[in-house]
Amino acid sequence: MSRPAEQILEFDRLRDLLRGRTTSAPGGRAVDALAFGTDRWRLEREFAAIAEAVDYLRAGSELGFGALADPQPWLARFDKPGAVLVPSELLDVASLIDTAALLGEIFRDTAGKFPLLTERVRSLADFRSLGTAIRRAILPNGEVSDDASAELRRIRSGLARARETIQKALERILQTRGAPAGEDYVTRRNDRFVIPVRASERRTVQGVVHAASATGQTVFVEPLETLELNNRLVQLADEETTEIARILQELTSRVAAERAALSRAVATIAELDSLLARARFAREFDACMPVFTDTATIALEVARHPVLENTLRAQGRAVVPLTLALGGAETVLVISGPNTGGKTVALKTVGLAALAAQSGIPVAAQSARMPVFDQVLADIGDEQSIAADLSTFSAHMLNLKSMLESLTERSLVLVDEMGTGTAPEEGAALAVALLDEFRARRCLVLATTHHDRLKAYASTTPGVLNASVEFDEDKLAPTYRLRVGVPGGSSGIAIARRLGLPESVVDRASALITPEAREAAGLIAYLHRSRDTLEQMRRDLAGQTQRLDQERRALREEWVERQRKRIAELEQRVADALAQHERDVSRALETVKDRELRAQLEKQSRRRMAEARSETRGEVDAAVVAQLSESQADLGVGVDTLRPPALAELVPGARVRVRGFSAPVVLRRRDESNAEVEAGPLRMKVPIAEIVAILADEPAKAMKAGDAAKRASGATGVRAGARPAATRPSGITVHAAAASEDAAAADEINVIGRTVEEATRLVDKFLDTAALSGKPQVRIIHGHGTGALRRGLAEFLSAHPLVERIHAEADDRGGSAVTVVELKD
């Protein structure tokens, strides 16, 4: 009978890694209970809780249950009728209650940050009154306290008085007798107070002999005078025992009444310990939360076998990760390559990733997408059995027969060394037939082989992919890298030569290779060289693209600076002209002697100057728009050629496009010649002629990094007059009332759950507002997830002209889940 996939893929060793990261016995048992499941909703909820636990640890918090005694022994006692817990077990109950209460304190106000963890803790019952009763009754050393009951306190007070009375009575007897040194003490025998008497003087003391010394020369006598006192002492001791038994019984009954709730508390603590252990594993092994897909497609990026990685770490070595995608039209992957090259490790890595994902364990990979498999079927290793009279070949055939009987389209099949154990031609034919059958069943299959026929089959059959584990021909050693798309050579003769086989034998073996095999090996070598050349070309192209992007950003920044200077110069010239005009008017008014006439002229002059400023401002705005529209050719930005809409269409609230703007704006009000439009927190006055279109239902497009007109205006200098001008997108005048300095921008924005396109649109607007408010830096909260949102935002921010530098937040404030953006002055 074949071994289960969990055993073949060493799933228990993965659980061992997790168990070592728990902090309590219940947590260890919870890890042991992790098993392959197919409930997608439960698995996704479990991984959401693990992601919360990762965030909890990343925030600098830690939570362990090392002080919690194992509750299983005392909980099991209740299975026997009439069981009474001993003081040490009651202290263990109190330890559980203390732990539950502490959890409640820790997660009292964390529902906003850690809702799933908080939800689990809030299910805990309140046992504090029971815990207080146990702590009051049982001392830390396990003794029952005098405060356990008033009756016990009375009994123990009586015991203390009785002991003191007997002690004094016996000491008087010793003094009366004039007992010699060494015999003048009081002791106890058979729970009664006695005095030592020499055997030769036994008759001088009336009483009961309870014992004798080892030599027989001394006897221990209870004098008749203390007989009743000792009887009273024994009676009180019995009463004490009875009262202690009653107290323990009462406490046990209270614990039994809460047994179900206490058991649930144990289960909750075990689950939390297990979640935190898996979070520690995810952090230490850079593991991800898998994403379950509706289609039968598996995609792993930078995946590693965690057990192998843990072993190699101890040796100071690094594991070689693999990246592969399988599914859709291509459901079979045939992996070839030399022995000891990592083919079997590749199978086990994929299989263990599937088992881990469906057991609620983070996958040791950068990202992992896969369906919810109904089963993982594996035929890996030597299944030979002498006892069952099975050869290796027969055992493999029985395993494959069993797979065919149970697999479905939702199964993952892993087969190692297909076609071995029999004649090569027969083995290859059987392997091809089996792969054809697997392919017809539409399940996902990964198989390894040495047969050239299977490599050719994978190259020519639709739905089947070749892959190889790389072999360094120069060093004659495997690199363990998996390369999808090309078959691998066996390199058996090269390996034999490296291992020191006599040259004569190796040369003879080379000469015996058939021409067809030589041609196949040559073709495979050519494919590998071609693949290497293509990869190098791809790397060179990526480098060139990066350099071009840097040059493009530099040109954009240069363009922005040039437009800023042009606009500043234009505004300064206008401001200088208006100021000179005011001075000329003032000098002319000074020549008017008539006071009333001069006052009238000054009033008319101020009114006309205000009108002139307004008209000049509109002319400057139009000139700036025209300047920017013409200058955008520097960046390849097209100029709008649409005709303005009719005046009747320009109603308040309409979304319109303004010449020179990449993003639409909202029309707020208008007159016959000018319109006031709103872009984010800013309101601007533009000529009606610059409105080129009305957008009916089109959503605003994101202002991308290439919207240089907006960037240039964001750096606009002073405008006419002595006051600093408000910032103006695309050079349009911004009214100071609309761009109120009191409208402070937020310090952070949360884009978790957004697509990259949505997030960049929101962040672009957010950065504009922050820059207008003079913020030196802001925070963007994007979470961890698959990392796609973080990478997309990083690429966008790197090209943004308002951004000086970006970096991850400090670990105690969110770490890589938050990006800090430092803005340019």
Subset of the range 97-113 (residues that are open to solvent by less than 20 Å² (accessible area, probe 1.4 Å) and within 14 Å of L272 (Cα to Cα)): A100, L103, F107
Test set (1) within 15 Å of the chain's Cα centre (by Cα); (2) part of a helix (DSSP H, G or I) - I269 fails condition number: (1)
Search result, residues across the range 432-451 that are more than 17 Å from L326 (Cβ to Cβ) and either more than 41 Å from the chain's Cα centre (by Cα) or in a strand (DSSP E or B) (or both): V432, A433, H451
Candidate set from the range 1-13 (those that are out of contact with any helix residue (DSSP H, G or I) (no Cβ under 8 Å at 6 or more places or on another chain) and free of Cβ contacts under 8 Å to residues at least 24 places away in the same chain); member that is surrounded by the fewest Cβ atoms within 10 Å (Cβ to Cβ): M1
Members of the range 354-370 found to be open to solvent by less than 10 Å² (accessible area, probe 1.4 Å) and either in contact with a Leu (Cβ under 8 Å, 6 or more places away or on another chain) or assigned to a strand (DSSP E or B) (or both), listed by number: A354, L355, A356, A357, Q358, S359, G360, I361, V363, A365, A368, M370
Test: residue in the range 563-576 that is part of a loop (DSSP other than H, G, I, E, B), surrounded by fewer than 15 Cβ atoms within 10 Å (Cβ to Cβ) and either at pLDDT 75 or above or not aliphatic (A, V, I, L, M) (or both): no
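Yes/no per residue for (1) without any contact (Cβ under 8 Å) to a residue 40 or more places away in the chain; (2) under 28 Å from P664 (Cβ atoms); (3) among the acidic types (D, E):
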residue	(1), (2), (3)
N750	yes, yes, no
E757	no, yes, yes
G774	yes, yes, no
Q777	no, no, no
G783	yes, no, no
T786	no, no, no
R791	yes, no, no
E795	yes, yes, yes
H807	yes, no, no
Residues located in the range 292-305, provided they are within 21 Å of L482 (Cβ to Cβ), assigned to a strand (DSSP E or B) and of a type in the set (A, V, I, L, M, F, W, C): I298, A299, L300, V302, A303
Entirely in the range 163-248, the strands (runs of 3 or more DSSP E) that have 1 or more residues that are open to solvent by 40 Å² or more (accessible area, probe 1.4 Å) and within 30 Å of L152 (Cα to Cα): 187-189, 207-212
Within the range 800-819, tally of residues that are buried (at least 16 other Cβ atoms within 10 Å of the Cβ) and farther than 19 Å from E62 by Cα: 8
The range 14-42, residues that are closer than 29 Å to T293 by Cβ and surrounded by fewer than 15 Cβ atoms within 10 Å (Cβ to Cβ): A33, A35, G37, T38, D39, R40, W41, R42
Criterion (open to solvent by 10 Å² or more (accessible area, probe 1.4 Å), modelled with pLDDT under 90 and small (G, A, S)) met by exactly one of G341, G419: G419
Matching residues, the range 43-56, being more than 13 Å from the chain's Cα centre (by Cα) and open to solvent by less than 30 Å² (accessible area, probe 1.4 Å): L43
Matching helices (runs of 4 or more DSSP H) fully within the range 1-95 where at least 3 residues are more than 30 Å from G381 (Cα to Cα): 25-32, 40-58, 72-77
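The values are calculated or read from the model by the stated rules, or taken from the named source; none is laboratory data. Just so you know, these numbers come straight off a predicted model, no measurement behind them. Note that each Cβ is placed from the backbone with ideal geometry, even for glycine, and that neighbours are counted across all protein chains shown. The protein model used for the area step is the full one, side chains on, heavy atoms only, and it has no ligands, DNA or RNA in it. Shrake-Rupley method; radii C 1.70, N 1.55, O 1.52, S 1.80 Å.
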